[in-house]
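The values are calculated or read from the model by the stated rules, or taken from the named source; none is laboratory data. Please read all numbers here as calculations on a predicted model, not as lab measurements. All Cβ positions, even for glycine, are placed from backbone atoms using ideal geometry, and neighbour counts span all protein chains on display. Calculation scope for accessible area: heavy atoms of the full protein, side chains included, ligands and nucleic acids excluded. Shrake-Rupley method; radii C 1.70, N 1.55, O 1.52, S 1.80 Å.
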Amino acid sequence: MIAIYGLFWVLSAFLVLPIGLRTPDQLPGHEVETGHADSAPVNFRPRLVALRATVLAAALSALFYLNWTNGWVTRGDLNFFGDPPVEDLGY
């Protein structure tokens, strides 16, 4: 379950990363310093990103665990293509 939480945390970090970021174009009066990219965010806060990712990963992990124990969605429910044309390939 720790590995599943870790996977959900990394996914969540990428999902919440762009939330709330502002570029210099969006803030009046902010000048880009020499050597900085024009698209670089001016208000990046990694602790807030980590906190948001932790909360989202905890919620997703809880949903995954509840689905695992209660069997709400199974592999059979995700089979969109039906049964394979050949059950046994003979090897």
For semi-axes √(5λ) of the Cα gyration tensor in Å, the choices are [x] 43, 19, 11; [y] 24, 16, 10; [z] 48, 21, 11; which was calculated from the structure?
[x]
Around residue 32, under 10 Å between beta carbons, what's the net of Lys plus Arg minus Asp minus Glu among the other residues?
-4
Can you give the accessible area of residue 16, probe radius 1.4 Å, in Å² rounded to 10?
10
Would you list 91, 5 from the most to the least accessible area, probe 1.4 Å?
91, 5
Over the chain, what relative contact order in percent results from Cα pairs under 8 Å that are six or more residues apart?
34
Carbon and sulfur atoms account, in whole percent of the 1.4 Å probe accessible area of the chain, for 65
Rounded to whole Hz, the Karplus (6.51, -1.76, 1.60) HN-Hα couplings of the stretch 22-36, x for glycine and proline
10, 9, x, 5, 8, 10, x, x, 8, 9, 7, 6, 5, x, 9
In terms of the alpha carbon gyration tensor, root eigenvalues a ≥ b ≥ c, rounded if a/c is under 1.5 and otherwise prolate when a/b exceeds b/c or oblate, the stretch 1-48 is prolate
Can you tell me how much longer the chain between residue 55 and residue 67 gets when fully stretched, taken as 0.36 nm per residue apart minus their C-alpha distance, in nm with one decimal?
2.5 nm
Work out, step by step, the length gained on full extension between residue 74 and residue 3: first 0.36 nm times the residue separation, then minus their alpha carbon distance; give nm to one decimal.
23.6 nm
List, in order, the whole-Hz ³J(HN,Hα) value for each residue of the stretch 59-66 obtained from phi through the Karplus relation with A = 6.51, B = -1.76, C = 1.60 and θ = phi - 60°; use x for Gly and Pro.
5, 5, 5, 5, 5, 4, 5, 5
